[in-house]
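Here the structure is laid out as structure tokens; the discussion comes afterwards.
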Amino acid sequence: MTVAIVLFTSDLRLHDHPPLHAALASADEVVPLFVLDKGVDAAGFGSPNRRAFLADCLRDLDAGLRERGGRLVVREGDVTEEVGRIVTETGAGTVHMAAGVSSYAQRREERLREALAPAGCRLSVHDAVVTAVAPGAVVPSGSGRDHFAVFTPYFRRWSGEGLRSPFRAPRAVRVPDGPASAALPSRAQGVSPGLAEGGETEGRRLFTAWRRDGLAAYEDRHDDMAGDATSRLSPHLHFGTLSPAEVVHRARAAGGPGAEAFVRQVCWRDFHHQVLAARPAASRSDYRTRQDRWRTGRAAEDETAAWREGRTGYPVVDAAMRQLLHEGWMHNRGRLLTASFLAKTLYVDWRAGARHFLELLVDGDIANNQLNWQWVAGTGTDSRPNRVLNPVTQAKRYDPDGAYVRRWVPELAGVRGSAVHEPWKLPRREREGLGYPAPVVGLSEALTRFKEARGLD
Ligand code: FAD
């Protein structure tokens, strides 16, 4: 009787799962294992919202395995030790897992390989599970570079890469009797009240509904903040309850400009993953330094606190920050303009903003979060590193009738017309009656400060 272990990490699904597929094809019995890894919390990456979503995912994965005659084995502790224990208990000859990109994931792989070798157990690491195209599978030709630093040429090459056809979910999974499982975690208190539901079943339901109702209009509507017309698949892609390769495959099959624009966004996800895989330090350090000397001190701290709490006095910024607090998710346009507001208008270190996002975002992802923050701060891969988004212009363009602001900033719910985006223009008595803060900083003063700091004319 041969036994293999499938170590689930950011791939909490049964459909299109290459490690599970390989394990079932080569062993009589399979241990589907998830380790509640203490190292993730120790690395400062745990967050109540993501832990709650993870609990949903594990429950659903276990249920899916049970329908197929198996079960999920959950352990808590150090991932290397727990895998080692199960190898000893079951005599497993191979551990299958998805390749990860962060420095944490890369170290985890190394540690597992070293620990398993003496026990005669092989580690089989599968590419293109967490991303549609594996990092490093496409590199700039003839340049000697190990990754693309610019999105558009990456997108061109990525689009030409063949994708595998998605694997079906297995019909049956035989799990050995032995390995005991810890209890499945459950949703704890203290999460954002509007947090989405996790799990593969929910992810697939959302994706089906999205292809039917949202995809075709995506190109036209993705920036409509009030319309909320993006897929909201990001937490499912982050936890791997949806396979990115399958998402691309099916969107391409649907065809049309909406699908093309959507696939391009999913490519951004792969793009940031291949940057991080090649430059793991970019999670902490500037990818391209601009010699910034970010503001510190009391005023900067107070303004950052106002930003976190959604009371900067700029309605669209505050609306987006409050959406983040309430849902553990924020519209992409909101992420762009709130990040620009912190890093450029307030000129506060992007790491402070990235930390706050990671604390709350249910899709909070080292590759996507840190590298998008760097992109916006101008220390990353943006070819226009000094662009500053004006929150009023942005609001008028992407929330033209103010519905997004009125939804999230109840103080402004009764303000009519474009004053909802510029309440400081209201007559004084009216303005003071709102109970809404005055702007923390003037935009032109902030722009001058930023230009001076970056040495621009
Ligand atoms: P859709 O518009 O439906 O896009 C489909 C999918 O494409 C998304 O689910 C996502 O996986 C991917 N995608 C879209 N835009 C981007 C992008 N710019 N970069 C990378 N992938 C993208 N995304 C995360 O998944 N996790 C994060 O932690 C994260 N942090 C961000 C921080 C900042 C400052 C910014 C500007 C963007 C961040 N994003 C992050 C990217 C993007 O905002 C979200 O992926 C998107 O808003 C999720 O909503 P959706 O699923 O409806 O996206």
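The values are calculated or read from the model by the stated rules, or taken from the named source; none is laboratory data. These figures come from a predicted structure and were not determined experimentally. FYI the Cβ positions are ideal-geometry reconstructions off the backbone, even for glycines, and counts take in every protein chain you see. In case anyone asks, the SASA skips ligands and DNA or RNA and just uses the protein heavy atoms, side chains included. Shrake-Rupley method; radii C 1.70, N 1.55, O 1.52, S 1.80 Å.
Here are the numbers:
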| quantity | calculated |
| --- | --- |
| Residue-normalised accessible area of the chain, expressed per residue, 1.4 Å probe, Å² | 43 Å² |
| Contour minus Cα-Cα distance for ARG355 and ASP457 (0.36 nm per residue) | 33.6 nm |
| 222 nm mean residue ellipticity, helices alone, for the chain (DSSP H n ≥ 4; -39,500 (n - 2.57); rounded to 500) | -13500 deg cm²/dmol |
| Rg to Rh quotient for segment 385-457, alpha carbon positions, Kirkwood Rh | 1.05 |
| For segment 270-277, 3J(HN,Hα) per residue [Karplus equation, 6.51 cos²θ - 1.76 cosθ + 1.60, θ = phi - 60°, Hz, x = Gly/Pro] | 4, 4, 5, 5, 6, 5, 5, 4 |
| Stretchable slack from ASP41 to ARG122, in nm (0.36 nm times residue separation minus alpha-carbon distance) | 26.4 nm |
| Accessible surface of MET1 - all protein chains present, 1.4 Å probe, nearest 10 Å² | 150 Å² |
| Integer Hz, Karplus 6.51/-1.76/1.60 couplings in order for segment 107-123, x for Gly and Pro | 5, 4, 4, 4, 5, 5, 4, 5, 6, 7, 3, x, 8, x, 10, 9, 9 |
| Gyration tensor verdict on segment 220-296 (Cα atoms; rounded if a/c is under 1.5, prolate if a/b is larger than b/c, oblate otherwise) | prolate |
| Partner lysines for LYS396 [C-alpha distance under 25 Å; skip if fewer than 8 residues away on the same chain] | LYS344, LYS425, LYS451 |
| Kirkwood Rh in Å, taken over segment 300-376 so that all alpha-carbon pairs contribute | 11.9 Å |
| Extent along principal axes [Cα atoms of segment 284-333; Å; largest to smallest] | 34, 26, 16 |
| Segment 191-220-segment 253-299 distance, computed between alpha-carbon centres (Å) | 22 Å |
| Centre separation in Å (Cα based) which lies between segment 18-85 and segment 145-188 | 13 Å |
| Cα pair distances exceeding 15 angstrom across segment 195-255, given as percent | 50 percent |
| Approximate spin-label separation VAL150-ALA261, in nm, with each point projected 7 Å along Cα-to-Cβ | 2.5 nm |
| Surface accessible to a 1.4 Å probe, VAL388 within the full protein complex, Å² | 50 Å² |
| Mean shadow area of segment 153-296 over all directions, Cα convex hull, nm² | 14.6 nm² |
| Interatomic Cα distance distribution for segment 298-454, bins of 5 angstrom, percent | 2, 9, 20, 23, 21, 15, 8, 3, 1, 0 |
| Accessible surface of segment 334-393, 1.4 Å probe, proportion on carbon and sulfur as whole % | 52 percent |
| The chain - Debye-derived log10 I(q)/I(0), Cα point model, q = 0.05 Å⁻¹ | -0.20 |
| Rounded if a/c under 1.5, otherwise prolate or oblate - segment 87-217, Cα gyration tensor axes | oblate |
| Förster-model FRET efficiency, 35 Å R0, THR2 and SER285, C-beta, rounded to 0.05 | 0.20 |
| Length gained when the stretch ALA188-THR393 is fully extended (0.36 nm per residue, less Cα-Cα span) | 69.8 nm |
| Most to least accessible of HIS331, HIS249 (protein chains only, probe 1.4 Å) | HIS249, HIS331 |
| Convex hull volume of segment 34-120 per residue (C-alpha atoms, cubic angstrom) | 106 Å³ |
